[in-house]
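Here the structure is laid out as structure tokens; the discussion comes afterwards.
The values are calculated or read from the model by the stated rules, or taken from the named source; none is laboratory data. The structure presented is a predicted model; accordingly, all values stated were derived computationally and were not measured. Cβ sites come from the backbone with ideal geometry, for glycine too, and all protein chains shown count toward neighbours. Keep in mind that these areas ignore ligands, DNA and RNA; they rest on the heavy atoms of the full protein, side chains included. Shrake-Rupley method; radii C 1.70, N 1.55, O 1.52, S 1.80 Å.
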Amino acid sequence: MDKPEQSQSSAALDDLKVVELPALDPIPFFAASMAGKAMAELGAEVLKIEPPGAGARERHHGPRAERNPGPETSALHLFLNCNKLSVTLDLESPRGRDLLMKILDGADLVFNPNPPALNERLGLAWRSLCERFPRLVVVSTTFFGTDSRYRDLRGGDLIATQMSGVGFETPFNQVTDPSNQPPLKAAERQADYLTGYTAAAAAMAVLHGRKRTGKGQHIDVSQWLAMVSTIRINVGEISHDTPKSGMYRRLMVRRKTGAGWIYPCRDGYISFRNNPENFWAGTVRMLGEPEWTGDPLFATELARLKNSDALDAILIDWFMQYGKEEVFQRAQAEGVPCFPLYNVREVAENQQYQARDYFADCDHPLAGRFKMPGPPYKMSRTPARVSPAPRLGEHNATVYRERLGLSEHEFNALQSDRVI
């Protein structure tokens with residue numbers, strides 16, 4: 001695939017050609033979409049393959065623009081698919097798979113989110129692709145891995161969160177009544193997105209290694225283990241600590257064993273930490289050095305841990321006198337880690353985000369003008385980019401006619417037969 005000329009300045013990955021396959025399983029799974037997004041923000045050409053007619057699953061998840069509600073204006077689609085190209089292709093069709101092989105022949109990397117059995121039926125198993133295209137980096141994003149005893153089982157964000165142990169620990173150090181405060185799941189599909197970033201990071205490492213060897217390879221990324229990676233250090237509690245230790249009890253019994261980390265205040269909640277000693281000294285100054293802080297109950301870090309419920313009650317009484325922004329300013333002025341808990345609107349309106357230019361203006365022909373989260377980093381010489389998500393099949397003619405050389409008759413026939 002020849003890449004069209006770019007009018008903008010060069011980007012970090014503008015020499016890479018990436019293909020992102022659609023998730024064909026009935027369970028929505030957006031890991032490959034996030035992986036493709038991560039590469040596209042860095043300038044890689046990401047060609048998104050979508051089923052004809054319906055398009056990718058994220059097009060069918062709201063919310064949508066009020067003035068033009070439909071699959072082109074889904075907020076999830078606009079976010080996950082910015083900077084990408086879109087072509088439609090029926091991978092269930094033999095002719096569709098033949099076209100895919102021609103596309104992959106010029107690609108550096110392919111993200112495939114489909115289960116192993118489905119890939120084998122379609123002739124898209126990773127071993128087949130690696131054998132046919134020795135330089136291609138093939139990234140499988142699945143629920144449980146392509147070669148595991150659970151490889152053909154159904155998974156998803158909820159299952160990965162709970163199977164990994166993340167859900168059991170949530171909310172961490174906040175549970176006071178385990179029987180009535182069950183494990184929670186993080187909002188939305190965070191396991192999907194973490195899996196996507198894990199896949200993109202692994203792909204970057206392999207692409208770097210290919211510069212030396214000239215050979216691609218398979219990368220097997222499972223959603224379940226991507227989530228486990230966030231709590232790997234906690235597994236050490238099983239062998240390196242005693243059942244009586246505070247950390248062991250927090251992890252294994254799900255019971256709060258020390259000072260809280262989330263506190264209510266007059267207009268919401270704050271995160272706040274008063275240990276170790278340097279943070280406690282700042283807390284005392286923030287409180288105005290009241291006499292009770294010198295009580296033996298709170299004189300040492302160990303004493304404050306033993307009497308954390310009493311300390312939390314006193315702190316809450318003080319916090320409830322102030323709004324979260326004022327608590328934040330007072331605590332930070334004394335060097336104490338503290339930050340307000342923001343809802344989505346407060347995040348969008350926060351001055352720190354604005355100072356970072358995190359939200360980028362985006363103009364879309366159907367969704368209109370809106371702000372969209374940008375990448376969580378800045379690059380001084382090759383800045384990331386944000387351009388509108390493509391319309392379904394917007395680049396069919398460019399890819400099939402100009403790049404693959406199909407005649408007008410062949411192109412029209414594929415459209416009539418709904419192969420593309």
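Considering only residues in segment 182-196 that are in contact (Cβ under 8 Å) with a residue 60 or more places away in the chain and either of a type in the set (Ser, Thr, Tyr) or in a loop (DSSP other than H, G, I, E, B) (or both), the one that is least open to solvent (accessible area, probe 1.4 Å) turns out to be 195. Restricted to helices (runs of 4 or more DSSP H) entirely inside segment 197-316, those with at least 1 residues that are touching a helix residue (DSSP H, G or I) at 6+ places or on another chain (Cβ under 9 Å) and closer than 26 Å to residue 184 by Cα are 223-228, 232-235, 237-240, 246-252, 301-306.
On the basis of being of a type in the set (Val, Ile, Thr), in a loop (DSSP other than H, G, I, E, B), under 19 Å from residue 86 (Cα atoms) and open to solvent by less than 20 Å² (accessible area, probe 1.4 Å), does residue 386 make the cut? Criteria not met by residue 386. Pairs linking a residue in segment 117-143 that is over 14 Å from residue 214 (Cα atoms) to a residue that is surrounded by fewer than 22 Cβ atoms within 10 Å (Cβ to Cβ) and of a type in the set (D, E, K, R), with Cβ atoms under 6 Å and 6 or more positions apart or on different chains, are 117/152; 140/220. The conditions of being part of a loop (DSSP other than H, G, I, E, B), in contact with a strand residue (DSSP E or B) (Cβ under 9 Å, 6 or more places away or on another chain) and open to solvent by 80 Å² or more (accessible area, probe 1.4 Å) are met by residue 321. Looking at (1) within 23 Å of residue 91 (Cα to Cα); (2) within 21 Å of the chain's Cα centre (by Cα), which one does residue 161 not meet, given that it meets all the others? So the condition that residue 161 fails would be (1).
Is there a residue in segment 56-75 that is within 20 Å of residue 362 (Cβ to Cβ), in a strand (DSSP E or B) and open to solvent by 10 Å² or more (accessible area, probe 1.4 Å)? Yes, segment 56-75 contains a residue that is within 20 Å of residue 362 (Cβ to Cβ), in a strand (DSSP E or B) and open to solvent by 10 Å² or more (accessible area, probe 1.4 Å).
Residues checked against (1) among the hydrophobic types (A, V, I, L, M, F, W, C); (2) in contact with a Ser or Thr (Cβ under 7 Å, 6 or more places away or on another chain); (3) crowded, with 18+ Cβ neighbours inside 10 Å:
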residue: 368; (1), (2), (3): no, no, no
residue: 374; (1), (2), (3): no, no, yes
residue: 397; (1), (2), (3): yes, no, no
residue: 400; (1), (2), (3): no, no, yes
residue: 408; (1), (2), (3): no, no, no
residue: 414; (1), (2), (3): yes, no, yes
residue: 420; (1), (2), (3): yes, yes, yes
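Look at (1) under 26 Å from the mean Cα position of the chain (by Cα); (2) surrounded by 15 or more Cβ atoms within 10 Å (Cβ to Cβ) and you find that residue 252 fails only one, number (1).
Looking at segment 300-308, is at least one residue without any contact (Cβ under 8 Å) to a residue 12 or more places away in the chain, of a type in the set (A, V, I, L, M) and in contact with a Leu (Cβ under 9 Å, 6 or more places away or on another chain)? Taking every residue of segment 300-308 in turn, at least one turns out to be without any contact (Cβ under 8 Å) to a residue 12 or more places away in the chain, of a type in the set (A, V, I, L, M) and in contact with a Leu (Cβ under 9 Å, 6 or more places away or on another chain).
Pairs are defined by a Cβ separation below 8 Å, a sequence spacing of at least 6 or placement on different chains, a first member in segment 254-268 that is among the basic types (Lys, Arg), and a second member that is surrounded by fewer than 20 Cβ atoms within 10 Å (Cβ to Cβ) and part of a strand (DSSP E or B); no pair meets this definition. Could you give every pair whose Cβ atoms fall below 6 Å, whose first residue belongs to segment 56-82 and is on the phi < 0 side of the Ramachandran plot, and whose second residue is open to solvent by 80 Å² or more (accessible area, probe 1.4 Å) and of a type in the set (D, E, K, R), counting only separations of at least 6 or pairs across chains? If the second residue must be open to solvent by 80 Å² or more (accessible area, probe 1.4 Å) and of a type in the set (D, E, K, R), the pairs left are 72/391; 73/64; 74/64.
For first residues located in segment 385-400 and free of Cβ contacts under 8 Å to residues at least 40 places away in the same chain, partners that are open to solvent by less than 40 Å² (accessible area, probe 1.4 Å) and lie 6+ apart or on another chain with Cβ distances below 8 Å form the pairs 397/411. Against the test of being surrounded by fewer than 14 Cβ atoms within 10 Å (Cβ to Cβ) and among the small types (Gly, Ala, Ser), the options 294, 268 yield a single qualifying residue, 294.
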